[in-house]
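These notes are about the structure you will find just below.
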Amino acid sequence: MPEFKTARGMRDFLPKEAATMRYVEAITRELAGLYGFQEIITPIIESYELLAAKSGEEIRQRMYTFEDLGGRKLGLRPEFTASIARLMATTLRNEPKPLRLYCVGSLYRYDEPQFGRFREFWQSNFELIGSTRPEADAEILALTNDLLKRVGLQNYWFKIGHVGIVRGILGAEDVGEENQNKIMQLLDKKQWADALTLAKNLKVSDQCIATLKKIFEIKGKNSDRVIEEIKSAVVRYEKAMFAVDNLGEILELLKTGGVEFDMSIEAGFARGLEYYTGMIYEIYVPEMDIALGGGGRYDRLIELFGGEPTPATGIAHGIDRITLAMEKQQTPPLIRTQKRVMVIFIGEELKSEALRIASMLRTAGVSAELEVMGRAVTRALQDADRRGIKQAVILGPKEMEKGEVILRDMEKREQHTIKKQYLIKEIEKRTPHSA
Ligand code: HAM
């Protein structure tokens with residue numbers, strides 16, 4: 001037999017890692033509640049056509065695709081947004097707006113495995129559907145800011161842009177959508193020179209090239225100043241002006257609304273996905289050069305999938321990468337440990353009673369592990385100690401006759417004989433408050 005391993009790019013999450021992932025997930029769920037988002041669960045497998053439609057060349061090429069036994073061309077989802085847009089175009093078509101929906105789950109991309117880049121990874125994904133207004137974009141950013149704060153990250157920052165700036169310029173020069181997408185893909189990969197060459201080859205005006213060049217260089221932390229700079233660069237391009245105004249309005253709202261975070265506004269910033277129409281953003285920490293999350297406004301995707309024209313904005317948080325950033329910044333998850341007790345019995349005839357007591361403890365919310373290896377008390381206690389269990393209940397024939405059990409404190413190495421009916425109270429009394 002060969003030695004079995006996980007497939008390349010796939011990982012096992014051992015208990016500690018799994019607990020950290022679930023911790024971040026739990027916080028995203030808490031925030032979903034606080035911001036009024038409702039969970040939906042969509043399938044991991046969707047039709048290839050749906051997933052490929054607007055995901056962008058990069059993701060399209062990295063999709064896991066296959067034919068099922070019925071000859072259907074399918075794919076493993078590389079993101080959630082396509083599935084949510086499908087729902088909006090079909091089942092949820094007539095739902096009153098706005099709709100706030102979220103999903104948590106695993107996604108699949110055939111990326112080259114490296115630090116923070118996996119072929120199976122996890123996202124919490126939030127979509128606010130039905131509003132074109134800056135308030136909606138601001139809500140998504142506020143929620144994300146709260147998430148990063150709550151998991152304890154520091155020095156994180158948002159890279160912010162608006163696809164309407166570059167698209168507005170190119171559109172005015174009659175560059176069609178396909179070529180615009182190609183230019184945006186190059187910008188996403190920071191290949192600014194190649195993007196300019198491609199634009200030149202498309203015979204855009206010299207003024208357009210000069211404007212793009214300027215745009216690719218504009219970035220900064222001070223939103224008022226950067227917005228003014230972009231405005232003066234695109235003053236001849238009406239649609240690009242609308243985009244900057246919109247971006248400025250959202251940033252102003254965040255500021256006046258008290259949603260504060262570090263940011264870098266970059267006029268030539270683009271994202272790989274093709275469906276964005278408005279403000280876009282990604283999250284970074286100084287210790288990592290990969291994004292912890294990303295999103296933006298996509299006002300035309302739902303109608304492209306056959307739905308009503310429906311504006312929407314959303315974000316996906318990369319749960320794996322958030323846990324990596326927590327590790328780098330040494331902000332361990334605050335995982336609440338349960339009261340844990342080991343139940344050990346002396347002599348075969350106490351087996352049933354041990355099972356009964358373990359059951360009684362669980363009913364009272366105490367995690368109880370029954371000794372199942374038939375070990376002597378000392379061996380069983382050593383094992384409990386090794387695994388960090390703080391208390392043991394020992395059932396011996398002498399005590400049982402009097403309706404009593406032994407409760408052992410593993411840390412203090414002392415034990416008391418107590419009446420069975422006081423066991424739960426006693427365990428609670430002896431459990432440290434944080435545990
Ligand atoms: P995305 O930028 O493709 O956006 O992915 C969002 C986040 O998922 C990334 O920032 C990253 O944290 C994580 N991620 C992506 N690929 C990998 C990978 N190979 N390994 C580990 N983590 C990864 C979207 O998926 C959009 N659907 C976001 C969105 C929602 N836009 C609007 N609504």
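The values are calculated or read from the model by the stated rules, or taken from the named source; none is laboratory data. Since this is a predicted model, take the numbers as computed values, not measurements. Reconstructed Cβ throughout: ideal geometry from the backbone, glycine too, with neighbour counts over all protein chains shown.
Per-structure values
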{"item": "Within segment 248-259, considering residues that are under 14 Å from Asn222 (Cβ atoms) and out of contact with any Phe, Trp or Tyr (no Cβ under 9 Å at 6 or more places or on another chain), the one nearest to the ligand (Cβ to nearest atom)", "result": "Leu251"}
{"item": "Options Lys200, Lys213, Lys219: the member that is more than 25 Å from the chain's Cα centre (by Cα), surrounded by fewer than 21 Cβ atoms within 10 Å (Cβ to Cβ), closer than 23 Å to Pro134 by Cβ and away from the ligand (no atom under 16 Å from the Cβ)", "result": "Lys219"}
{"item": "Residue match in segment 198-207 (condition: among the charged types (D, E, K, R) and touching a residue at least 24 places away in the same chain (Cβ under 8 Å))", "result": "no"}
{"item": "In segment 51-65, the residues that are touching a strand residue (DSSP E or B) at 6+ places or on another chain (Cβ under 6 Å) and either over 17 Å from Ala85 (Cα atoms) or among the charged types (D, E, K, R) (or both)", "result": "Met63, Tyr64, Thr65"}
{"item": "Some residue of segment 161-178 being crowded, with 20+ Cβ neighbours inside 10 Å, in the same structural domain as Arg271 (by TED's automatic domain parsing) and within 21 Å of the chain's Cα centre (by Cα)", "result": "yes"}
{"item": "Residue match in segment 102-114 (condition: among the small types (Gly, Ala, Ser) and modelled with pLDDT of 95 or more)", "result": "yes"}
{"item": "Residue list for segment 321-348, filter: buried (at least 23 other Cβ atoms within 10 Å of the Cβ) and of a type in the set (D, E, K, R)", "result": "Arg321"}
{"item": "Strands (runs of 3 or more DSSP E) (entirely within segment 16-116) containing at least 3 residues that are more than 12 Å from the ligand (Cβ to nearest atom) and closer than 19 Å to Arg300 by Cβ", "result": "none"}
{"item": "Any chance Tyr275 is more than 18 Å from Asn181 (Cβ to Cβ), assigned by TED's automatic domain parsing to the domain that holds Gly220, within 11 Å of the ligand (Cβ to nearest atom) and hydroxyl-bearing (Ser, Thr, Tyr)", "result": "no"}
{"item": "Given (1) of a type in the set (Asp, Glu); (2) assigned to a strand (DSSP E or B); (3) more than 12 Å from the ligand (Cβ to nearest atom), number of the condition Glu127 does not satisfy", "result": "(3)"}
{"item": "Exclusive hit being away from the ligand (no atom under 11 Å from the Cβ), touching a residue at least 40 places away in the same chain (Cβ under 8 Å) and of a type in the set (Val, Ile, Thr), set Thr331, Thr313, Thr323", "result": "Thr331"}
{"item": "Qualifying residue in segment 388-399 (condition: part of a strand (DSSP E or B), over 11 Å from Met342 (Cβ atoms) and touching an Asp or Glu at 6+ places or on another chain (Cβ under 9 Å))", "result": "yes"}
{"item": "Some residue of segment 293-300 being without any contact (Cβ under 8 Å) to a residue 40 or more places away in the chain and either outside any strand (DSSP E or B) or closer than 22 Å to Met184 by Cβ (or both)", "result": "yes"}
{"item": "Filter result for Asp146 (among the acidic types (Asp, Glu) and buried (at least 20 other Cβ atoms within 10 Å of the Cβ))", "result": "no"}
{"item": "Residues within segment 340-369 that are in a helix (DSSP H, G or I) and farther than 20 Å from Glu399 by Cα, tallied", "result": "2"}
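A quick yes/no check of all residues on (1) more than 26 Å from Pro78 (Cβ to Cβ); (2) in contact with a Gly (Cβ under 6 Å, 6 or more places away or on another chain); (3) within 16 Å of the ligand (Cβ to nearest atom); (4) outside the structural domain of Arg22 (by TED's automatic domain parsing):
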{"position": "Arg297", "(1), (2), (3), (4)": "no, yes, yes, no"}
{"position": "Arg300", "(1), (2), (3), (4)": "no, no, yes, no"}
{"position": "Gly318", "(1), (2), (3), (4)": "no, yes, yes, no"}
{"position": "Glu353", "(1), (2), (3), (4)": "yes, no, no, yes"}
